[in-house]
Amino acid sequence: MADSGFSRCLPTVPASQRLQARRRWTKCSAVTRSKSPSPETDTASPPPPTDQVLTVEQMRAAEAALVDSGIAEWDLMQRAGQGAADWIARLAAGGSVTVLCGPGNNGGDGYVAAQALKSRGLEVRVVAPIAPKSELARRAADRFSGPVMESAEGVSGTVFVDALFGIGLSRPPSDDLLSAIGALAANHTHAVAFDVPSGVDADTGSGPEALPPFGLTLAFGAWKSAHFSGASLEKIGAARLVPIGVPDRQSGLRVAGRPGIAPPAFAAHKYTRGLVAVVGGAMPGASLLASQAAALSGAGYVKWMSEHDHPGHPPDLVRDDSKLDDALGDERISAVLVGPGLGRDDTARARLRSALACGKPLVLDADALHLIEPAMLEGLDTPILLTPHEGELAQLCEAFGVEGETKRARALALGEAARCAVLAKGADTLLAQDGQVRFFPASSRWLSVAGSGDVLAGIATARLAAVEDISRATIEAVYLHGAAARRAGPGFTAAMLAEAVHPALADFL
């Protein structure tokens, strides 16, 4: 389940307690959401999935399928508006609410929410610069018993709600409407968007720069790509899901849920927990940093394969300076990391080729991403994870002759061309593998520091050595990386981040 801004204010709960609570909640949810719950037996169908991400077309098809199943469109609008009102009421805390309603069904959701909030005793006004045009929107507007104004001029309050267009508009609103949205956001303490801020493309995440940032965006029925990726991600704020009963649409887009990390088995030893090999290069500091992160994130044994030592080399980290082909021939090695501090000369290229030829699962990061060529991967059936940031992703797409309109599309195309999993890093990190995409909630902005990627690569390699599954290992690594950032606090260095991996690991056990 995606989580971001609000969750940072919550206390840390041990994983065992979270699991027990989740089981109780799942059982309770299944009963309370059933149309005909039985007090004797728990035979209700499971609740709708909360991890699926749908395109606009898929969302419309899902709503049409619900209607075909016998659920009235009006009931769906009630579920959306009433569910949104629950969030808004908490945010308003008794203060006044202004809802900017558009002419379509997103505006209808706004009218429903406005009436629900008014029924709870809140002061609510609607600003409707465009009269409702859809049948449902007119019906919802007729049922709102509060004041309706055409202009937002001089309107202020506690919570502003953008229910103007939602996913129904993929182009910028007019300048007048953008100005109204900006003024209302500036004149209210909090700003909430329905589905996506008006003018943001729910599929690509693009949108007008003039849009103000929203503190909360409420996704109706299912997540959209814009809630996790795209140029307008900073406008979204904290994203929360309002269920309306959408079943699993078998989407290839999902939110990567918070993982649990298994502790070592009863009879575990250093090799069964995973032997990680980190291939060093011309700049040993980066590979040493990655080695430390790997050691602190659950690997049983880390070998730093470097011809060069470093003053920061800890005594409990083994440095293997033997010939690289011989060192990588150790059959006990579970996963190999190559790239951090590797360099980009002929020697670095030779070391990369040795890593590719060793037949072990690989994580390719940093310099390795600049050196890799399609021909190097021909004939390999080894699991490989590429971990590019934005610039490296662009360079890889050029090298492999692929392109795409969005980061998601580029990562998918690269993964298919290279036959690798691709962790596309950044403020909107996502994992593309085998035609599937896993989105991640936004993590700490303090991770934008030199060496942060080396730490993530070390964690990912350690988790790959432990679980032997790229998707699971990568999800564990991204969450552990983010948790370490929270542990490290603001203004950390990469070395401090690596040290914070150790206490952060306990959060997932």
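Taking a 1.4 Å probe, which of D469, D326 shows the most accessible area, and what order do the others take after it? Walk me through the numbers before you get to the answer.
Values: D469 70, D326 110 Å².
Largest accessible area first, the residues go D326, D469.
Kindly rank 242-255, 80-93 from highest to lowest mean number of other beta carbons found within 10 Å of each residue.
Listed from highest to lowest mean packing, they are 80-93, 242-255.
Net charge near F400: determine it from the other residues with C-beta under 11 Å of the C-beta of F400, scoring Lys and Arg +1 and Asp and Glu -1.
Numbers: positive: R410, R419; negative: E373, E398, E403, E416.
Its environment carries a net charge of -2.
Tell me which residues come under 5 Å, amide H to amide H, from D320 once H is placed; ignore anything under 5 positions away on its chain.
Amide H neighbours of D320: W304, M305, S306.
Residue by residue, what Karplus-based ³J(HN,Hα) values in Hz, rounded to whole numbers, does the stretch 474-488 have, using 6.51, -1.76 and 1.60 with θ = phi - 60° and x for Gly and Pro?
Karplus values, whole Hz, x for Gly and Pro: 5, 4, 4, 5, 5, 5, 5, 4, x, 5, 5, 4, 5, 5, 6.
Using the structure shown, select from K133/K407; K224/K425; K360/K425; K303/K407 the pairs with a Cα to Cα distance greater than 26 angstrom. Can you show the working numbers first?
On the way: K133/K407 35 Å; K224/K425 19 Å; K360/K425 23 Å; K303/K407 34 Å.
Pairs exceeding the cut-off: K133/K407; K303/K407.
From the backbone phi of the stretch 285-296, what are the Karplus-calculated ³J(HN,Hα) couplings (6.51 cos²θ - 1.76 cosθ + 1.60, θ = phi - 60°) in whole Hz, Gly and Pro given as x?
Running phi through 6.51 cos²θ - 1.76 cosθ + 1.60 with θ = phi - 60° gives x, 5, 5, 5, 4, 4, 5, 5, 4, 4, 5, 8 Hz.
If you place +1 on the Cβ of every Lys and Arg, -1 on the Cβ of every Asp and Glu, and leave all else neutral, what size is the dipole of the stretch 155-226 about its Cα centre, to the nearest 20 Debye? Intermediate values should be presented prior to the final figure.
Working: 2 positive and 7 negative charges, 30 e Å.
My answer is approximately 140 debye.
Any aspartates and glutamates with Cα under 14 Å of the K235 Cα? List them, leaving off those in the same chain fewer than 8 positions away.
Within reach: D162, D195, D201, E209, D428.
If W223, W74 are ordered by their accessible area, calculated over protein heavy atoms with a 1.4 Å probe, which sequence runs from highest to lowest?
Values: W223 0, W74 25 Å².
The ordering from most to least exposed comes out as W74, W223.
Give me the accessible area per residue for the stretch 347-448, probe 1.4 Å, as a whole number in Å².
On the way: 4330 Å² over 102 residues.
Per residue, the stretch 347-448 has an accessible area of 42 Å².
Let me know the shape class of the stretch 241-285, please: from the alpha-carbon gyration tensor, a ≥ b ≥ c as square roots of the eigenvalues, rounded when a/c is under 1.5, otherwise prolate if a/b is greater than b/c, or oblate. Write out the running numbers ahead of the final one.
Working: a/c = 3.94, a/b = 1.85, b/c = 2.12.
Since a/c reaches 1.5 but b/c is at least a/b, the shape of the stretch 241-285 is classed as oblate.
Report the one residue of V278, F266, S251 whose Cα lies farthest in the direction of the positive end of the charge dipole of the stretch 241-351 (charges on C-beta: Lys and Arg +1, Asp and Glu -1; origin at the Cα centre).
S251
Roughly how many Å² is the accessible area per residue of the stretch 56-249, as a whole number, for a 1.4 Å probe? Kindly include the intermediate steps, with their values, before the conclusion.
On the way: 7500 Å² over 194 residues.
Each residue of the stretch 56-249 exposes 39 Å² on average to a 1.4 Å probe.
Using packing as a proxy for protection, rank 445-451, 95-101, 432-438, 311-317 so that the peptide with the highest average count of other Cβ atoms within 10 Å comes first. Kindly include the intermediate steps, with their values, before the conclusion.
Working: 445-451: 14.7, 95-101: 24.4, 432-438: 18.6, 311-317: 10.9.
Per-residue mean Cβ counts within 10 Å order the peptides as 95-101, 432-438, 445-451, 311-317.
Which order do the peptides 355-364, 175-184 take when ranked by the mean count of other beta-carbon atoms within 10 Å per residue, highest first?
Descending mean neighbour count gives 355-364, 175-184.
Any idea how far the Cα center of the stretch 458-501 sits from the one of the stretch 297-364, in Å?
If we compute the Cα centre of each part, the gap is 19 Å.
In deg cm²/dmol and to the nearest 500, what is the mean residue ellipticity at 222 nm of the chain if only DSSP H runs of at least 4 residues count, each as -39500 (n - 2.57), divided by the residue total?
Working: 17 runs with 198 residues, N = 509.
The helix contribution divided over the chain gives -12000 deg cm²/dmol.
Hey, can you grab everything whose amide H is under 5 Å from the amide H of A191? Only 5+ residues off in sequence or another chain; H modelled, so Pro and N-termini drop out.
Residues meeting the amide H criterion: F160, G215, L216.
Can you give the Rg and Dmax of the stretch 275-506 based on its C-alpha atoms, in angstrom?
Cα-based Rg and Dmax for the stretch 275-506 come out at 16.0, 48 Å.
Which of rounded, prolate, oblate describes the stretch 71-152, given a ≥ b ≥ c as roots of the alpha-carbon gyration tensor eigenvalues and a/c under 1.5 marking rounded, otherwise prolate only if a/b is larger than b/c? Walk me through the numbers before you get to the answer.
On the way: a/c = 2.04, a/b = 1.18, b/c = 1.74.
Note, shape of the stretch 71-152 comes out oblate.
What does the charge dipole of the chain about its Cα centre add up to, to the nearest 20 debye, if the Cβ of each Lys and Arg holds +1 and the Cβ of each Asp and Glu holds -1? The partial results should precede the final answer.
Details: 47 positive and 55 negative charges, 349 e Å.
The calculated dipole for the chain is roughly 1680 debye.
Heavy atoms only, probe 1.4 Å: what % of the accessible area of the chain goes to carbon and sulfur, would you let me know? Intermediate results must be reported in sequence, preceding the final value.
Values: 11330 of 22310 Å².
After summing per-atom areas, the C and S share lands at 51 percent.
Give, to the nearest whole percent, the P(r) tail of the stretch 56-249 beyond 32 angstrom, counting all Cα pairs. Can you show the working numbers first?
Values: 1195 of 18721 pairs.
When all Cα pairs of the stretch 56-249 are counted, 6 percent exceed 32 Å.
Counting only C-alpha contacts under 8 Å and six or more residues apart, can you give the relative contact order of the stretch 345-395 as a whole percent?
Values: 37 pairs, mean separation 20.8, N = 51.
Computed over the stretch 345-395, the figure is 41 percent.
The values are calculated or read from the model by the stated rules, or taken from the named source; none is laboratory data. Note that the structure is predicted; figures quoted are calculated from it, not measured. In this analysis, Cβ positions are derived from the backbone assuming ideal geometry, glycine residues included, and neighbour counts consider all displayed protein chains. Side chains included, ligands, DNA and RNA excluded: accessible areas come from the protein's heavy atoms. Shrake-Rupley method; radii C 1.70, N 1.55, O 1.52, S 1.80 Å.
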